[in-house]
Structure formats: structure tokens, C-alpha cells
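Working notes, structure below.
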Amino acid sequence: MNSIASQGLSVSPATQIGFGRRAGFGLGDFGINIFWNMTNLFAMFFYTDVAGLPNFMAGLVIFGAMLWDAVTDPLVGLLADRTRTRLGRFRPYLFLGAIPLGLSFMFMFRTGNLELGALALYAFATQIIFRTFYTVVSVPYGSLSARMTKDPNERSALAVYRMVFATTAGILIAAFTRDGAAVLGGGDLKLGFERLAMVYAALGAAAVLACAVFTREPDIDQNEPSAALRDQARMMRQNSAFWIVFATTVIGGIGSTIAGKAMLYYLKYNLNAEHLFGVVMFSITLMVMF
């Protein structure tokens, strides 16, 4: 609040968000990033080196699931924008999606002893189901801070909490997953990943539910008009800032995805240092932060 005072601005107590709600909001991104970082960093490796899928099949599974994301993300965004409930516009999706998201994540790493063809179909189906529920949770969550407050300083504070909690989840996944799977499985990586996914699923779902419980949205005017799809498309086409953000997000996403998925393979097959993955990713995270 010091920055507000220094600028001669005043914010009424009603618009200020307390520590509990800020932390609750941050927990949402902690849970979401538990799911996302585990999938982004380890799903490909799990499919190829643990479950036994050939590289090209595993790549097709991941690529097909990403194409599905391109369809579901805008659809869920449109649906959330038109939602009117007593819980708000976006929080209902966190309540409804948290447990299915955790369950679908858990089954994604529970492949059993399927034959190759069945394994490929199972991997693709569980990826699609997981990413659908991930979208149901993550897209409304991404818009939640704008509903919680209109004050730019409060939104900035929420963004800081979100970043801290998300980074914590990323460090947790990168630093402990590989060794944690080995320990939980007693040397059996398939069993270890299955058990660790259960732990992460419970942790991630609980964090998302906590976010839904501890955050609040203002009352919705049931007569508030929603922009028509045609008008939204027109505004998007004419918004140069949107396209700049879109392009940088896509480029950054491609780079981070390639680096994240390739790092474990590089350490294992080029440097014979798979055990250093957690240290390397932790160091990269610190460099990005500071």
C-alpha cells in the first residue's frame, strides 16, 4: 500500500484484499502449476522411457493434445464469460474442475501393462481428458484477479502472489520428481511415477479448491450485457497489443516446452547425468527469477 500513498492515491478498505485472499488466490496457481509442470517436464519422458511408447508415438500423443487445447481454450473462455452464478463468474469452474482434474492427472501416469496400440490410445485419451479439465480450471483462474478487484495496485499484488506460488510449484516438481519417483517405487519407476502422481494430484486439487474457497468475486449484475461473439472477434482483430502478447506467448511457450522436454533426455543420454535434472532445473528457475 506504500506505493499507493506515494502516488497520492487512496483505496477504500472495501477494495483492499487481505493476506488470506491473496494467498488463497496464489494457491490456485500453485495447484495449476503442479499439474502443468509435471506434464510439461515429465509426461514425454514417462511415455518413452518408463511406459515404453516409441518416441514418435509419444510425440504424436503430445502434439494431438496440444491441438485439442487450441480448440478448448477459447470455448471455455467464452463459456466462463457468460456464466452468472451466486458464486461468481469464474470460481464455480474451480469448484467443479479441481477433483476431475486431479483424477485425470493421476490416471495419465497409471498405464498398467497395456500392449503398444492400447497404450498409445490410452495415453492419448488420458491426455485429452486431463487437458480438458486443465482448461476448465486454468482459463477461468487466469481471469479471476480481474474480477476480484478493479484497483491496479491490488491486481499487481495478486500477480506477485501468483508468481511466487507458481514458481514454488515449478521448483518442487523439477527438484523432487525424478528422485521422488525412484524412492516411492523402490527402484520401479513406473510404480514410482504412479504413486507420485497420486500425491501431486491430491496436492494440486486441494490447492485449487482452497483458491475457490478463499477468494471472492463481486456480485454479478444479471442484466449485464455480454459482447456478441462477432464483436469479440472484431475487437480481437483490431487490438494490436493482443497480437503482440499472443506472439510473444506462443514463442516463449514453444521455447520453454522444447527446453523442458529435452533437458531430461539430454542429461540422460548425452551427459549420463540424469540424477542432476533437479539441480539443473532449480538453477535455471533461479536465473529466470533473479
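The values are calculated or read from the model by the stated rules, or taken from the named source; none is laboratory data. Keep in mind that this is a model prediction, so the values were computed, not measured. Cβ coordinates were reconstructed from backbone atoms using ideal geometry, including for glycine residues, and neighbour counts include every protein chain displayed.
Is region 89-96 home to any residue that is buried (at least 16 other Cβ atoms within 10 Å of the Cβ) and touching a Gly at 6+ places or on another chain (Cβ under 8 Å)? Yes: one or more hits.
Restricting region 263-290 to residues that are at pLDDT 80 or above and not in a helix (DSSP H, G or I), the residue that is nearest to ALA169 (Cα to Cα) is ALA273. Consider region 69-84 and keep the residues that are among the hydrophobic types (A, V, I, L, M, F, W, C) and surrounded by 17 or more Cβ atoms within 10 Å (Cβ to Cβ). The one that is nearest to ASP219 (Cα to Cα) is ALA80. For region 175-193, a residue qualifies if it is under 15 Å from ALA51 (Cα atoms) and acidic (Asp, Glu), and exactly one does: ASP188. Here SER226 meets the list (1) at pLDDT 80 or above; (2) within 15 Å of ARG89 (Cα to Cα) almost entirely, failing just condition (1).
The sole residue among PHE242, PHE214 that is modelled with pLDDT of 95 or more, out of contact with any Ser or Thr (no Cβ under 6 Å at 6 or more places or on another chain), of a type in the set (Phe, Trp, Tyr) and surrounded by 12 or more Cβ atoms within 10 Å (Cβ to Cβ) is PHE214.
Scanning region 160-173 turns up no residue that is touching a Ser or Thr at 6+ places or on another chain (Cβ under 7 Å) and basic (Lys, Arg). Is there a residue in region 65-84 that is of a type outside the set (Val, Ile, Thr), touching a helix residue (DSSP H, G or I) at 6+ places or on another chain (Cβ under 8 Å), outside any helix (DSSP H, G or I) and at pLDDT 95 or above? No, the conditions are met nowhere in region 65-84.
Could you grab me the full set of residues in region 103-113 that are assigned to a loop (DSSP other than H, G, I, E, B) and either closer than 18 Å to ASN55 by Cβ or modelled with pLDDT of 95 or more (or both)?
Within region 103-113, PHE109, ARG110, THR111 qualify.
Working only within region 133-152, note down all residues that are in contact (Cβ under 8 Å) with a residue 12 or more places away in the chain, surrounded by fewer than 17 Cβ atoms within 10 Å (Cβ to Cβ) and assigned to a helix (DSSP H, G or I). Scanning region 133-152 gives a single hit, SER143.
Residues are listed down the side, and each one gets a yes or a no for (1) modelled with pLDDT of 95 or more; (2) under 23 Å from ALA80 (Cβ atoms); (3) surrounded by 17 or more Cβ atoms within 10 Å (Cβ to Cβ):
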position	(1), (2), (3)
TYR122	yes, no, yes
ARG131	yes, yes, yes
ARG162	yes, yes, yes
ALA174	no, no, yes
GLY187	no, no, no
ALA197	yes, no, yes
